[in-house]
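Take a look at the structure below.
The values are calculated or read from the model by the stated rules, or taken from the named source; none is laboratory data. What you are looking at is a predicted structure, and each value in this text was computed from that prediction instead of being measured. Positions of Cβ are generated from backbone atoms using ideal geometry, with glycine treated the same way; all protein chains shown enter the neighbour counts.
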Amino acid sequence: MDQKLEQILNQYQEKIAQIVTDKDLETTRIELFGRNGLFNDLFTKMKDIEPQDRRSYGQNLNVIKNELERLMALQSQKVEKTVKTKVENQENIKALPKIGHLHPVTQTERQLNALFKKLGFSVYNSPEIVTDEFNFERLNVPKNHPARDMQDSIYIKEPEYLLRTQTSTIESYLLKAKSGDLPIRAAFPGSVYRNEKVNRSNHFVFHQYQAVVVDKGLTMKDLISTMDLMFKTLYGPEVVVRYRAKYYPEVEPGVGPDMQCFNCHGKGCPICKYAGWIEMGGSGMIHPKVLKSAGIDPNIWSGFAFGMGLDRWTMAQKNIKDIRTLMGGNLAYKPNEL
Amino acid sequence: MKLIYSQLQKLLPDLNVVPQKLRDDLTMIGHFTNYFEEIENEIVFDLDIKVNRGDCLGYFGIAKDLGVYYNIPLLVPQITLPKTLENLDIPIEIKSNDVKRVLALKLSNIKVADSPEWLKKVLSLHGINSINNIVDATNYIMLFYGIPSHAFDTAKTTPYLIWENNNNRFDKFTSLDGSILDLNKETLLISNQKDALSLSFIGGNNSGIDSNTQEIIVEMAIYNRSRVRKDSRSLKTVTEASIRLEKDLDTETIPMAFDQLINLIIDLGSGQITSNLFEKYLVKPEIPQIEFNAQKPSITSGINIPIDFVLDVLNRLGCKIEKTGELFLVTPPSIRPDITMEADLVEEVVRFFGYQNIPITEPLAFKDVTDITPKEIYLIDELKDKLVDLGYDEVLTWPLVSKPVDPKTVITTQNSINTESIYLRQSLIPSLQEQQDQYERLKLFSTQFFEIGKIFFQEGDKYIEKNSLGIYNSKAENLVSDLEKLGIKGKIVDKKYVEIILDDLPKPNSYAPQVKNFKAYELTSQIITLDANVSFSDEKDPVELIKHYSEIIGDKYLWQLIITDIYKDTKSNQFRYTFRASYFNIDDKTAKDIHLKSFGLKN
Ligand SMILES: [Zn+2]
């Protein structure tokens, strides 16, 4: 197309889009299509063009004229709408679009699911009402074990049925269901229940995330390095985590990850109770008794599991001070903000 | 548990690391140490002792661990008690099967007095009140060796001391501190036939030592730990003694600790031994012999731990080691009942080799393992994304609720201490209604949100769980059209709510959910909404205006900004825009100030 024509098109496209009043609309209409307007002028000048180019010039001129007429019509609708003298009701007539949000806990779960999916993990789940067998016995916590505390579990029907107290219970179900389909790589978020009075810092229901691997020849080095990836994913590459001895009945050796306090960097402050470190969860090599009770031979197969609570992390990330906010509480999302 | 550095050094004279390092090392080997502080010229640590390490509820157990870790000797004081002045047997009878081992002695010419300052200080740093020299001695030995003991005033205990389970003989027991406890049939107690004098973990107020006491019987015993645990739980009484006696304590440590106790009492209360030693050893520890592959610590940890080190650590822990072919036969010390199998030995070795020596390297590499993700997880992820795309917010509500929907099928919790919330929810809708009420209390209107969660029913003796989706929309007509867009049907309740059981819907074979960082806020007060009229001589793009003023007000307090009205004044030819701004986590006055300032308005 003729360079000059293209320039005209661009120039008026912009100009028309900026028109907001009827007055300006009329001025522009006259400027373009009036008797002494631009297009009349251009059609008049057609006679000065070389005969062999005249036909295509005329066609292009018509295309541009039609396009600008269309834009003018479109803009005139907008202008008419916005200058109506009064809106009929108190509906928000102009707002940014309402945006939907995932719950911050879901958001973290997905972030971790995506991370582990890349390593070949499935996502798993199991019931929340569980039996003593899956919540305790299969996790190397027999009856009368000191790790049991009746006060801590919420029972549906004592002593057999209770609400799961930890995501390791999902591991019990997983190991039993998939003991014939090894190796296993699975990760699972889950709600877990404890018989705690609800207040600012405790709740009877909270969220944990756990990952489980069963394979041949797994080591504590694999465990620690994989768990470290999880913390770096959540907290960023600069996070300092130490891995130390920690007791959990379902693992041995047990490993406790502690994050260096983000507030005092290890010096000690009220946030970390002056320890300089914050306990992040639990992990370890799956206890041979746990593998055995699922029908997996611990002489051939090894496993590791690691888990962490999601609520504290979510609270720190979103600057939430009261754990009750997370569930049925004062958690809210700005309607127009991602 | 508290740990005083100078007391620890009594057992480990060569221990001289700086407190900071001791704190970190204790934590690394499994005794999480919160902090240490200097109090009254003493350095005091605060430790969490895990349930499997009853031996570490005394200085002795911790010192043993540290002795192994630092490879320094543990000093066990050797004591020879004076001979008894009288050839007399204490009349003690053990009728209960819950007693493992008891030692007892009679001491006469006791002078009950205040404890010396050093003892008062140690006890007070451990949060224990000083009573008198005799009681304080038993508490000090409990702190040191982890084994509780008790002293009876013989004037109050004649003619017998009987260890027995209650068998409904006594209804009530008044403890040292005066609390009255209702005894159970099985409660383990010590009686003199007429009265219950003591429970396994707390003394009675009828047999305690007072300023007139001249003669005492001192006993130290270890019981079946589950008995103590049940007694302590059922009587809702936790003591320093019950915390220890409900763990696996070492009956073999009793003679040493008991001698130390008698020695200390004589030291402090100038008494004399006037009976033969009473001893009943009914349940001896079952000490396992463990087949042990010395390569196993290296195989499990993934780093090379030399066999010399492995055997040396086990030796220092007090294990007996015999070689049998390729393997070793390891007998752990009685003070470590938590060591029963090879995995336990592996953990000990790695613990003392140091977890810090395991390097952080490559995480597991990708492996193509069968996808065992249940299909409903894909469905849930997909629905959440679709709802978010339609502008819905996700909420989570309490799975335990205060009212059943259908009392016939509701599942009730038996022991929930939150007595307002004892039913497992049967529907999400009442919970969403509560959430909406909560939002309205916060003056948050025009909301639309959803929850996906479990609902629960009982059918006969079966417990049923279903995945459910609940949706709320303040605009009823939008709810209907959104359900159409989602292609799902459900019964609409109260015009604005709908619930759909997901188990009945078709499920996708796979789904990759969106991973995004969403902002969310804790509302600490009501939303404050204020209007503002602003006029311009020309017409503006409303969206640009909203962006412009949002920036002026700032993220910190602005919840939402909309334009509710645009009006053209034909006389002045001005365009008047009515803004509605909502502010959050801010008081009325500050909101108003910010509002006026941001829109350039006068008060
Ligand atoms: Zn800190």
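Data table
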| read-out | value |
| --- | --- |
| Qualifying residues in the stretch A:9-29 (those that are at pLDDT 85 or above and over 47 Å from the mean Cα position of the chain (by Cα)) - the one farthest from B:Asp538 (Cα to Cα) | A:Arg29 |
| Residue list for the stretch B:44-95, filter: crowded, with 18+ Cβ neighbours inside 10 Å and without any contact (Cβ under 8 Å) to a residue 40 or more places away in the chain | B:Lys50, B:Asp65 |
| Members of the stretch B:353-404 found to be hydroxyl-bearing (Ser, Thr, Tyr), more than 30 Å from B:Phe309 (Cβ to Cβ) and within 8 Å of another protein chain (Cβ to nearest Cβ), listed by number | B:Thr370, B:Thr373, B:Tyr392, B:Thr397 |
| Residue ranges of strands (runs of 3 or more DSSP E) in the stretch A:255-338 with at least 2 members closer than 30 Å to B:Ser431 by Cα | A:302-309 |
| Identity of the residue in the stretch B:504-521, closer than 27 Å to B:Leu479 by Cβ and within 13 Å of chain A (Cβ to nearest Cβ), that ends up surrounded by the most Cβ atoms within 10 Å (Cβ to Cβ) | B:Ala520 |
| Checklist (1) under 23 Å from B:Thr373 (Cβ atoms); (2) touching a helix residue (DSSP H, G or I) at 6+ places or on another chain (Cβ under 6 Å); (3) not polar (S, T, N, Q) applied to A:Leu291, failing item | (2) |
| The stretch A:217-236 - residue that is in a loop (DSSP other than H, G, I, E, B) and modelled with pLDDT of 95 or more and, of those, nearest to the other protein chains (Cβ to nearest Cβ) | A:Thr219 |
| The stretch B:450-465, residues that are at the interface with chain A (Cβ under 9 Å from one of its Cβ atoms) and closer than 10 Å to B:Arg425 by Cβ | B:Gly453, B:Lys454, B:Phe456 |
| Selected residue (criterion: farthest from the other protein chains (Cβ to nearest Cβ)) from residues of the stretch B:309-349 that are within 22 Å of B:Met28 (Cα to Cα) and among the small types (Gly, Ala, Ser) | B:Gly318 |
| Hey, B:Glu420 in a loop (DSSP other than H, G, I, E, B) and either at the interface with chain A (Cβ under 7 Å from one of its Cβ atoms) or within 30 Å of B:Asp312 (Cα to Cα) (or both) or not | no |
| Search result, residues across the stretch A:276-285 that are within 14 Å of the ligand (Cβ to nearest atom), in contact with a helix residue (DSSP H, G or I) (Cβ under 8 Å, 6 or more places away or on another chain) and at the interface with chain B (Cβ under 10 Å from one of its Cβ atoms) | A:Trp277 |
| Residue within the stretch A:208-216 that is within 9 Å of chain B (Cβ to nearest Cβ) and assigned to a loop (DSSP other than H, G, I, E, B) present | no |
| Per-region count, the stretch B:348-402, residues out of contact with any His (no Cβ under 7 Å at 6 or more places or on another chain) and in a loop (DSSP other than H, G, I, E, B) | 25 |
| Number of the exception - B:Thr409 against (1) part of a loop (DSSP other than H, G, I, E, B); (2) within 9 Å of another protein chain (Cβ to nearest Cβ); (3) in contact (Cβ under 8 Å) with a residue 40 or more places away in the chain | (2) |
| Near pairs, Cβ below 8 angstrom, 6+ apart or cross-chain, from the stretch A:245-256 (without any contact (Cβ under 8 Å) to a residue 12 or more places away in the chain) to any residue that is surrounded by fewer than 24 Cβ atoms within 10 Å (Cβ to Cβ) and among the aromatic types (Phe, Trp, Tyr) | A:Ala245/B:Tyr355 |
| Test: A:Gly120 is surrounded by fewer than 19 Cβ atoms within 10 Å (Cβ to Cβ) and within 24 Å of the chain's Cα centre (by Cα) | yes |
| Pick from the stretch A:286-316, criterion modelled with pLDDT under 95 and within 9 Å of another protein chain (Cβ to nearest Cβ), ranking: nearest to A:Arg200 (Cα to Cα) | A:Met315 |
| Which numbered condition A:Ile300 misses (of (1) within 23 Å of A:Leu119 (Cβ to Cβ); (2) within 16 Å of the ligand (Cβ to nearest atom)) | (2) |
| Residue that is modelled with the lowest pLDDT, among those in the stretch A:242-275 that are near the ligand (Cβ under 8 Å from one of its atoms) and in contact with a helix residue (DSSP H, G or I) (Cβ under 6 Å, 6 or more places away or on another chain) | A:Asn263 |
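Per-residue answers, yes or no, for (1) β-branched (Val, Ile, Thr); (2) away from chain A (no Cβ under 14 Å); (3) out of contact with any helix residue (DSSP H, G or I) (no Cβ under 6 Å at 6 or more places or on another chain):
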residue	(1), (2), (3)
B:Ile147	yes, yes, no
B:Trp163	no, yes, yes
B:Asn167	no, yes, yes
B:Ile190	yes, yes, yes
B:Ser198	no, yes, yes
B:Val218	yes, yes, yes
B:Arg225	no, no, yes
